[in-house]
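To start, the structure under review is shown below, and the notes come after it.
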Amino acid sequence: LKLFNITRTFRIIPSVGVDENLKAESNPFLSGGISHATISQTVMAAVDEITAPKRPHMFSMTNAHGKVATMTLFKKTFRLGEDILGILSFEEADVPCVQYSVHLETVEQLAEDVVGEHGEVKTEGMSNTTVHSNDYVVCAFASDSSFRLSIPMHASPTFHTDTVHLKWRLRFEFVTSAPLINVVYGEVCKAPIG
């Protein structure tokens, strides 16, 4: 059995301009009843357009011995509070996967040299990784598997400043085994006769 890591990055954006006290709709057939969209409605429409699922994104996950799984994400940009839904398919895999874990993480990285409290220079590339949620799945002999990770509402969205970059990522850990003999996915195993 072997364990290896794979990471995929994606973007989290804030739901800005949410106005809970929207006015009641006016009758569109009455004259003078035409109202223009507010700035918050325009911003929310733009956020909805960015985060709407358009087409599935597929990623091939491999190690040195071949393909382990194909991951499908239905979108790559999410809002705070949403769930990340994904499917792993093992049907065309070269390497059998026994179990996997997926972790939702943020990585904060210093963009340039920063002077510390005691005058020491902290070099570029220092980073801090925080795990927000995870899922552990036993998938031996399965043709596919799914995962769901919740993005916390209290977390920071993706951002970049002159000194700090914060990005979100999914980190996968796969436990693999040597190739299995005579395994047909989706069929019921039968005991040998005789």
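The values are calculated or read from the model by the stated rules, or taken from the named source; none is laboratory data. Bear in mind that the values here come from a model prediction, so they are computed numbers and not experimental data. Positions of Cβ are backbone-derived with ideal geometry, glycine not excepted, and every protein chain shown enters the neighbour counts.
Couple of notes before you dig in:
- Matching residues, the stretch 123-154, being in contact with a Phe, Trp or Tyr (Cβ under 9 Å, 6 or more places away or on another chain) and closer than 19 Å to HIS165 by Cβ: HIS132, ILE151
So that you can scan it fast, the table gives a plain yes or no per residue for (1) surrounded by 14 or more Cβ atoms within 10 Å (Cβ to Cβ); (2) touching a Gly at 6+ places or on another chain (Cβ under 7 Å); (3) among the small types (Gly, Ala, Ser); (4) modelled with pLDDT under 90:
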site	(1), (2), (3), (4)
GLU108	yes, no, no, no
GLU124	no, no, no, yes
ARG148	no, no, no, no
LEU170	yes, no, no, no
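- Selection count where residues are modelled with pLDDT of 90 or more and of a type in the set (S, T, N, Q), scope the stretch 64-77: 2
- Flag if VAL131 is surrounded by fewer than 11 Cβ atoms within 10 Å (Cβ to Cβ), at pLDDT 90 or above and touching a Leu at 6+ places or on another chain (Cβ under 8 Å): yes
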